[in-house]
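Peer 1: Can you read through this structure? Questions will come right after.
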Amino acid sequence: MMIRHSPLGSGHPYSPDTDQRWPILPVAGEPMRIGSRTSTDVVEVTLHLTEILADGSQTTRDVPCEPVARSSRGHQVDGGHLASAQAKLARKSGGWEATIDVAADAVSLTYRLTASDGTTKRRTRTSSAEVAHWSEEPDGLVAVDGRRGIVPGSVRALRTATQVAKVRCSLPLASGEHVAGFGERFDRLDHCGTSLDSVVFEQYKSQGAVRRTYMPMPFAHVVGGSGWGFHVDTSRRVWFDVGESDGGLLTIEAETAARSDATTALSVRTFTGSPTEVLDAFLECVGRPEELPDWVLRLWASGNEWNTQAEVERQAALHAKHEIPVGSIVVEAWSDESMFTVWRDAQYKLREDGGPLRLEDFTFPADGAWPDPKGMADALHDADIHLLLWQIPLMKMRPHPQGQARLDADAAILEGHLIRTRHADGSLRPYRNRGWWFPLSLMPDLSDDEAATWWTEKRRYLVEQMGVDGFKTDGGEHAWGSDLVYIDGRSGAEANNLNPVAYAKAYGDLMRRCGKAPVTFSRAGFTGSQAHGTFWAGDENSTWDAFRWSMWAGLNAAASGIVYWGWDIAGFSGDVPDPELYVRAFAASAFVPIMQYHSEFNHHRTPSRDRTPWNIAERWNDPAVIEEVREIVALRERLRPYIAEQARAAVETSRPLMRPLFFDYSDDPAVWSAPPEWTLGDDVLVAPVLAPGEEWDVYVPRGDWRDAWTGEPVEGGKTISTRTRRHRVPVYVRASAWDRLGPLFHRAT
């Protein structure tokens with residue numbers, strides 16, 4: 001018989017585990033759930049609860065628990081390469097819970113759970129927790145830097161006897177103001193009338209439906225009145241009520257680590273001015289983007305089933321055959337997937353000390369998956385194609401590691417390079433990944449310089465000797481739980497959101513040490529990510545909804561200071577997109593900073609789910625797809641000097657490259673009701689078609705424009721109805737830039 005209770009749970013931010021306490025910090029006068037996980041022979045579970053009251057007295061009660069289904073940590077089974085891991089976590093097993101109302105005058109509580117199979121009993125160890133109370137506070141508990149102040153009398157604190165656990169305050173929202181930003185957000189540009197939070201989370205698909213994101217930031221623009229913005233200066237979790245409860249208030253609730261005697265528990269920076277001035281001031285505080293080489297502005301191509309040298313070379317040759325130039329190939333399934341440092345099938349002598357290997361240490365079997373990876377990289381470079389390799393910041397421990405993976409894990413533990421967890425007895429042990437992807441893996445602390453160098457030097461030979469041009473820094477979302485302890489002593493509550501920032505920085509630093517541009521391609525991020533590489537919007541299905549959500553994500557990310565952003569063209573998961581969705585999305589991607597397609601692993605089943613133009617054409621018996629994509633990519637190549645110039649300007653001036661219309665037209669209310677539109681730099685207006693059919697309404701902001709495809713003058717300040725072929729995007733060029741940019745479009749057929 002077994003019973004288990006984990007007071008803090010796994011740290012999943014949206015789905016409490018069956019066997020945890022929720023909320024973790026009990027609140028006086030509010031409900032609290034206490035759960036357990038048991039073996040299936042248990043027939044009864046009882047909660048024994050003691051509450052200590054403010055007057056020093058105590059009450060004790062026994063509460064019967066009710067059976068519940070085991071949770072799957074909030075993740076639904078949804079096919080593809082994660083399905084197996086998801087299914088294992090979704091299995092039903094024994095769970096029990098009791099819900100109690102915490103006494104209004106309680107100050108702390110202790111409890112344990114007893115399970116019975118009808119004959120014998122098992123108990124959990126006793127757990128204890130302080131009880132928190134909400135209280136009114138002086139305005140000074142929130143320090144505001146800037147000209148904007150909080151609403152007087154709005155400050156509240158969630159206090160225990162020892163700490164200020166949360167602070168709540170409000171900023172004023174005027175009628176007609178709109179709020180945009182908050183990092184990469186998938187469902188809209190104006191967040192007024194909604195609530196959201198800032199916690200890094202791997203939401204596998206449908207981000208726009210559930211309002212969760214890989215790259216949150218507690219920063220936003222407030223546009224439409226005098227012009228201002230704000231940043232909650234914390235890496236801890238923050239919740240925002242953006243006029244949902246009260247249209248005149250933007251309410252902030254943030255976790256803190258302040259002691260109970262603190263006079264200030266939270267800092268909020270406010271900025272005034274135009275959106276560009278607000279973004280510039282924000283970036284001055286958190287770190288500025290860095291200009292990257294213009295090869296990142298060419299087409300990127302990848303597929304999870306390009307997992308042999310022969311297949312990578314075949315796909316590169318098909319790009320050449322079809323005259324669709326590709327600038328970068330990302331190889332995901334290249335490694336042994338134990339250490340993400342060694343080419344699959346490579347042979348080498350073990351490094352007993354867990355140190356880095358060099359190219360000369362390897363032999364590559366002629367009949368292996370990668371018989372000559374150095375030759376492959378050289379051939380790609382000769383064809384003007386750059387090579388990026390996929391990474392995960394984990395050390396797999398399931399199945400039990402052998403060989404070099406075991407030696408590396410031993411070295412990481414011995415040398416203290418890992419994130420750890422603090423257990424109930426006060427001991428520190430290596431953190432084991434709690435997510436559904438690579439469960440129980442160890443995680444290096446890449447925020448520590450020594451650990452980051454130890455980890456990345458294992459990859460130096462890939463860059464320095466093989467010529468790898470960058471890394472796809474995937475999976476930066478796996479640090480879960482406030483009980484994590486980083487090498488410098490920070491807790492998970494403080495450092496988890498910053499983990500993906502440190503991850504991209506560590507790999508960028510490796511590239512610099514090897515004399516190369518710091519090109520990383522990340523899915524996760526937080527405040528500070530602006531300074532580190534390129535990004536894509538994460539995993540999505542091939543649907544029109546996902547196409548639209550991704551465009552909103554790009555605009556919010558750009559408003560938050562991300563310059564080099566893209567998405568998986570027409571989605572990477574599920575059945576292949578139909579030609580209209582595929583080509584419409586490809587056409588839009590010509591006007592997005594990072595233009596890349598990718599496809600999910602499908603176990604090499606037939607028909608293929610690759611997102612290559614030739615596979616889409618074959619699957620749908622539509623050879624025009626290849627011709628249309630060829631024209632789109634040719635246009636992108638012609639636009640590349642302009643895009644590179646505008647990227648440089650974005651870095652220098654903080655005017656976004658993929659620029660939401662409110663940056664240049666902050667006084668125009670119509671920009672908020674339009675579907676996703678942007679200017680690519682200063683002079684190109686882009687309005688992707690985000691639904692089937694040729695007809696699409698476009699809002700053209702004030703000014704003199706030219707239709708990019710016909711050259712006809714267009715007077716702005718109105719909505720116009722357009723009809724465009726599927727490989728064309730409604731695009732308008734400023735009249736003042738027509739002589740320079742117009743010919744780039746007119747060369748298209």
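Peer 1: Quick one: check the C-alpha center-to-center distance for the range 566-591 versus the range 238-307, whole angstrom.
Peer 2: Taking the Cα centre of the range 238-307 as reference, the centre of the range 566-591 is 28 Å away.
Peer 1: Something else now. If R₀ is 45 angstrom, what is the calculated FRET efficiency for the pair Leu414 and Ala143, using the beta carbon separation as r and rounding to 0.05?
Peer 2: Details: r = 43 Å, r/R0 = 0.95.
For R0 = 45 Å, the calculated efficiency reads 0.60.
Peer 1: Skipping prolines and chain starts, which residues have an amide H placed within reach, meaning under 5 Å, of the one on Asp568, given they are 5 or more residues away or on another chain?
Peer 2: Hits under the 5 Å cutoff: Ala537, Gly538.
Peer 1: Test of understanding: what is the full-extension gain from Leu440 to Glu645, defined as 0.36 nm times their sequence separation minus their Cα-Cα distance?
Peer 2: Working: separation 205, 0.36 × 205 = 73.80 nm, distance 4.53 nm.
Stretched fully, the Leu440-Glu645 segment lengthens by 69.3 nm.
Peer 1: Work out from phi, with θ = phi - 60° and the Karplus expression 6.51 cos²θ - 1.76 cosθ + 1.60, the ³J(HN,Hα) of each residue of the range 516-521, listed in order in whole Hz, and give x for Gly and Pro.
Peer 2: Coupling constants for the range 516-521: 10, 5, x, 8, 10, 9 Hz.
Peer 1: If neighbour count is taken as other Cβ atoms inside 10 Å, put Ser128, Ser441 in order from fewest to most.
Peer 2: Details: Ser128 12, Ser441 24.
The most exposed by this proxy come first: Ser128, Ser441.
Peer 1: Around Val731, which amide H atoms from residues at least 5 apart in sequence, or from another chain, sit under 5 Å from its own amide H, with H modelled in the peptide plane?
Peer 2: Residues meeting the amide H criterion: Ala708, Trp709.
Peer 1: Let me ask you something else. With labels modelled as points extended 7 Å from the Cα through the Cβ direction, what inter-label distance (nm, one decimal) is found for Arg740 paired with Arg358?
Peer 2: That separation, rounded to one decimal, is 4.9 nm.
Peer 1: Calculate one ³J(HN,Hα) per residue across the range 538-546 by plugging θ = phi - 60° into the Karplus curve 6.51 cos²θ - 1.76 cosθ + 1.60, and present them in order as whole Hz with x for glycine and proline.
Peer 2: Each residue of the range 538-546 in turn: x, 7, 8, 6, 8, 9, 5, 4, 5 Hz.
Peer 1: Also, quick follow-up: Quick check: pseudo-label points 7 Å beyond the Cα along Cα→Cβ at Glu712 and Leu428, how many nm apart are they?
Peer 2: Label-label distance for Glu712 and Leu428, simple model: 6.9 nm.
Peer 1: Taking 30 Å as R0, compute the FRET efficiency from the Cβ-Cβ separation of Thr606 and Asp378 and round it to 0.05. Let's see the in-between values first.
Peer 2: Details: r = 32 Å, r/R0 = 1.07.
The pair Thr606/Asp378 has a calculated efficiency of 0.40.
Peer 1: Kirkwood hydrodynamic radius of the chain from all distinct Cα pairs, in Å? Write down the numbers at each step before the final one.
Peer 2: Values: mean 1/r = 0.0363 Å⁻¹.
Its Kirkwood hydrodynamic radius stands at 27.5 Å.
Peer 1: Does the range 658-746 classify as rounded, prolate or oblate by the C-alpha gyration tensor (a ≥ b ≥ c root eigenvalues; a/c under 1.5 gives rounded; else a/b over b/c gives prolate, otherwise oblate)? Let's see the in-between values first.
Peer 2: On the way: a/c = 1.62, a/b = 1.05, b/c = 1.54.
Judged from the Cα gyration tensor, the range 658-746 comes out oblate (a/c at least 1.5, b/c at or above a/b).
Peer 1: Here is a follow-up. Set the Förster distance to 22 Å, then compute FRET efficiency between Leu350 and Glu464 from the Cβ-Cβ distance, nearest 0.05. Let's see the in-between values first.
Peer 2: Details: r = 21 Å, r/R0 = 0.97.
About 0.55, to the nearest 0.05.
Peer 1: Calculate how large, on average over all directions, the projected area of the Cα convex hull of the range 314-407 is; give the answer in nm² to one decimal.
Peer 2: Numbers: hull surface 28.3 nm².
Mean shadow area of the hull around the Cα atoms is 7.1 nm².
Peer 1: Moving on to the next point. Please check which bits of the range 1-24 a label hung off Glu66 would reach, taking the label as a point 7 Å along Cα-to-C-beta and the cut-off as backbone N under 17 Å.
Peer 2: Flagged as within label range: 18-20, 22-23.
Peer 1: Oh, and also: So what does log10 I(q)/I(0) come out to for the range 531-636 at q = 0.10, 0.14, 0.20, 0.22 Å⁻¹, using the Debye formula with one equal point on every Cα and no solvent?
Peer 2: At q = 0.10, 0.14, 0.20, 0.22 Å⁻¹ the computed log10 ratios are -0.27, -0.53, -1.01, -1.17.
Peer 1: Kirkwood hydrodynamic radius, computed over distinct alpha-carbon pairs, for the range 484-596: how many Å, to one decimal? If you can, show how the numbers build up before the last one.
Peer 2: Numbers: mean 1/r = 0.0647 Å⁻¹.
Final number for the Kirkwood radius of the range 484-596 is 15.5 Å.
Peer 1: Another question, if that's okay. Straight-line reach only, C-alpha to C-alpha below 16 angstrom: list the aspartates and glutamates that Lys205 could link to, leaving out same-chain residues fewer than 8 apart.
Peer 2: Asp78, Glu184, Asp187, Asp474, Glu477, Asp539, Glu540, Asp545, Asp568, Asp575, Glu600
Peer 1: Hey, what angle do you get for helix 624-653 against the long axis of the chain, alpha-carbon based, 0 to 90 degrees rounded to 10?
Peer 2: So the helix axis and the longest Cα principal axis differ by about 70 degrees.
Peer 1: Given the Cα-Cα distance of Arg314 and Leu53 and 0.36 nm per residue of separation, how much length would full extension add, in nm?
Peer 2: Numbers: separation 261, 0.36 × 261 = 93.96 nm, distance 7.20 nm.
Full extension of this stretch gives 86.8 nm more.
Peer 1: Could you order the peptides 549-559, 472-482 from most to least packed, using the average number of other C-beta atoms within 10 Å per residue?
Peer 2: 549-559, 472-482
Peer 1: Normalising by the residue count of the chain, find the relative contact order in percent from Cα pairs under 8 Å and 6+ residues apart. Write down the numbers at each step before the final one.
Peer 2: On the way: 1800 pairs, mean separation 80.8, N = 749.
With pairs under 8 Å counted, the relative contact order is 11 percent.
Peer 1: Now, a different point. Is the range 577-705 rounded, prolate or oblate when judged by the Cα gyration tensor, a ≥ b ≥ c being the square roots of its eigenvalues, rounded requiring a/c under 1.5 and prolate requiring a/b larger than b/c? The partial results should precede the final answer.
Peer 2: Working: a/c = 2.36, a/b = 1.78, b/c = 1.33.
Cα axes put the range 577-705 in the prolate bin.
Peer 1: For each pair in Lys349/Lys516; Lys166/Lys396; Lys321/Lys374, compute the distance between the two Cα atoms and list the pairs where it is over 25 Å. Present the calculation step by step, with values, prior to reporting the outcome.
Peer 2: Values: Lys349/Lys516 29 Å; Lys166/Lys396 36 Å; Lys321/Lys374 23 Å.
Where the Cα-Cα span goes over 25 Å, the pairs concerned are Lys349/Lys516; Lys166/Lys396.
Peer 1: Report relative contact order for the range 190-312 in percent, whole number only (criteria: Cα-Cα under 8 Å, sequence separation at least 6).
Peer 2: Numbers: 147 pairs, mean separation 27.4, N = 123.
Relative contact order comes out at 22 percent.
Peer 1: Go through the range 142-147 residue by residue and turn each phi into a ³J(HN,Hα) via Karplus (6.51, -1.76, 1.60, θ = phi - 60°); whole Hz please, and just put x for glycine and proline.
Peer 2: Running phi through 6.51 cos²θ - 1.76 cosθ + 1.60 with θ = phi - 60° gives 10, 8, 10, 9, x, 7 Hz.
Peer 1: Give me the one-decimal nm value for the distance between modelled label points at Thr99 and Ala209, 7 Å along each residue's Cα-to-Cβ direction.
Peer 2: 2.5
Peer 1: Just to be sure I understand the curve: with the Debye formula and one point per C-alpha of the range 376-464, what is log10 I(q)/I(0) at q = 0.10, 0.12, 0.17, 0.21 Å⁻¹?
Peer 2: -0.34, -0.47, -0.81, -1.07
Peer 1: Would you kindly compute the Cα radius of gyration of the range 134-286 and its largest Cα-Cα separation (Dmax), both in Å?
Peer 2: Considering the range 134-286 through its Cα atoms, Rg and Dmax are 15.1, 44 Å.
Quick note: the coordinates plus some simple rules give every number you see, no bench work behind them. Remember, predicted model here, so these are calculated numbers, not experimental data. Using ideal geometry, Cβ is built from the backbone for each residue, glycine included, and neighbour counts are taken over all protein chains shown.
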